[in-house]
Amino acid sequence: MSAARPLRGIVPAMAVPLLDDYKIDEDNLARFALWLAGCRGVTAVMTNGHTGEVGSLLPDERATVTRVVADAVKGAVRVISAVCAEGTFEAVEHARAAAHAGADAVDVMPCHMWLRFGVKEDAVYEYVKAVGGESGLDVIVHVYPASTRAAYSTRLMLRLASIPQVKGFKMGERDLGAYERDIRALRADAPHVALLNCMDEYLFATFVHRMDGALVGCASLIPELTNDLFEAMAADDLARAREINDRIWPIKEAVYGAGEPSGDAHARMKEGMVLRGIFRSALARPPVLARGAGRRSHRSSSSRGPRRWRPSRGSPSSRCPATRSRGRARRGRRCWLRRCS
């Protein structure tokens, strides 16, 4: 294998716009994909992740999302489709469908039954090997939090890195000790694989290890700031990184608060995407609740006190991050639409 790492830069895990009848808004999705592909630092996009509500998409809809995105970007960036399944046969079918729809790679999530029953390392190895081999696509191994029963050991990750189709790891340990241990081991013994940060809720702290890139849902909402922070940390420009992180902070707090990404957080992200003019509607599929049903306040570390998701005029979270406009959110929305039309 080449020592060069094939995956670098920012990879937004794409949210999916919906019409009022909960069907996929293919026109909005295509425009969204095209805009992301034109953002500085974006080298690939990922469909059918948790941000993309994969659990509520039917198999043919997952393939449709990937096809619409691949047709829109026309090779300008790589297209990755996540594979979320309960068993190997189903996962292989999803991966083959993704390949037929135009995907260049798959992000292979753990079988969800492992969250309940735990993992057998030989089973994980054969699962990942089968998905890559049967689809013919490059594979990114999706690493779940260390606190779950679907967590992968460092030993298993090194073994998975030996599979020819495995080109990278989506590092989601959410345990900074395990995260650093895995990074050091993979850098030492599997330098050919790319290591992509996927911890949206604390990018600043997790970029310090000079990651190859980030595969994160928050890059659907703020790809510019995500890339700016990545570049500043890569350049060891801590002062600039702190300044960028201060701009990300209120947005992060509004979307994630003190928790991990979740269905509710992804719904709040869609509200932000409407404010930016990226999506026409913030609708999410059930069982995710409408924003009003799950709305809650998050406290900022600043002296301004509690800050709700619906930002006030002139607050940091109401500005279009691309323009830092201090006008109404509507004006920032028009600005974005001009840029992507």
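Coordinate-derived values only; no laboratory data. Computed from a prediction, not measured in an experiment: that's the story for all the values here. Heads up, the Cβs are rebuilt from the backbone with ideal geometry, glycines too, and the neighbour counts pull from every protein chain shown.
Residues checked against (1) without any contact (Cβ under 8 Å) to a residue 24 or more places away in the chain; (2) closer than 19 Å to GLY213 by Cα; (3) touching a Phe, Trp or Tyr at 6+ places or on another chain (Cβ under 9 Å):
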site: LEU7; (1), (2), (3): no, yes, no
site: ASP25; (1), (2), (3): no, no, yes
site: LEU29; (1), (2), (3): no, no, no
site: ALA33; (1), (2), (3): no, yes, no
site: ALA37; (1), (2), (3): no, yes, no
site: ALA82; (1), (2), (3): no, yes, no
site: ALA97; (1), (2), (3): no, no, no
site: MET109; (1), (2), (3): no, yes, yes
site: HIS112; (1), (2), (3): no, no, no
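Here the condition is being under 28 Å from ARG31 (Cβ atoms) and outside any helix (DSSP H, G or I); of ALA282, ALA254, ALA265, ALA219, it holds for ALA282 alone. Is it true that some residue in segment 33-50 is in a strand (DSSP E or B) and not aliphatic (A, V, I, L, M)? Within segment 33-50, one or more residues are in a strand (DSSP E or B) and not aliphatic (A, V, I, L, M). Exactly one residue out of ALA44, ALA99 is on the phi < 0 side of the Ramachandran plot, surrounded by fewer than 21 Cβ atoms within 10 Å (Cβ to Cβ) and in contact with a Leu (Cβ under 8 Å, 6 or more places away or on another chain), and it is ALA99.
Restricting attention to helices (runs of 4 or more DSSP H) lying wholly within segment 75-166, give those where 3 or more residues are among the charged types (D, E, K, R). Walk me through how you get there before you give the answer.
Numbers: elements: 88-101, 113-117, 121-135, 154-160.
Per the criteria, 88-101, 121-135.
In this structure, VAL68 does not satisfy being within 15 Å of the chain's Cα centre (by Cα) and either over 21 Å from MET113 (Cβ atoms) or in a loop (DSSP other than H, G, I, E, B) (or both). Taken over segment 22-48, the criterion of being closer than 20 Å to ALA267 by Cα, among the polar types (S, T, N, Q) and within 16 Å of the chain's Cα centre (by Cα) is satisfied by THR47, ASN48.
Screening ALA190, ALA214 for residues that are among the hydrophobic types (A, V, I, L, M, F, W, C) and closer than 28 Å to VAL16 by Cβ leaves exactly one candidate, ALA214. Hey, does segment 214-233 have a residue that's more than 24 Å from ARG184 (Cα to Cα), in contact with a His (Cβ under 8 Å, 6 or more places away or on another chain), touching a residue at least 40 places away in the same chain (Cβ under 8 Å) and not polar (S, T, N, Q)? Yes, that holds for at least one residue.
The set of residues from segment 14-29 being surrounded by fewer than 22 Cβ atoms within 10 Å (Cβ to Cβ) and outside any loop (DSSP other than H, G, I, E, B) comprises ILE24, GLU26, ASP27, ASN28.
Results for (1) over 20 Å from PHE279 (Cβ atoms); (2) buried (at least 18 other Cβ atoms within 10 Å of the Cβ), shown as yes or no for each residue.
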position	(1), (2)
VAL193	yes, yes
LEU203	yes, yes
ALA214	yes, yes
SER220	no, yes
LEU229	yes, yes
ALA234	yes, no
ARG240	yes, no
ILE244	yes, yes
GLY257	yes, yes
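Scan segment 173-188 and tell me whether some residue there is in contact with a His (Cβ under 7 Å, 6 or more places away or on another chain) and under 19 Å from LEU7 (Cα atoms). Within segment 173-188, one or more residues are in contact with a His (Cβ under 7 Å, 6 or more places away or on another chain) and under 19 Å from LEU7 (Cα atoms).
Restricting attention to segment 215-259, which residues are more than 21 Å from PHE32 (Cβ to Cβ) and in contact with a Gly (Cβ under 9 Å, 6 or more places away or on another chain)? GLU231 - this is the single residue of segment 215-259 that is more than 21 Å from PHE32 (Cβ to Cβ) and in contact with a Gly (Cβ under 9 Å, 6 or more places away or on another chain).
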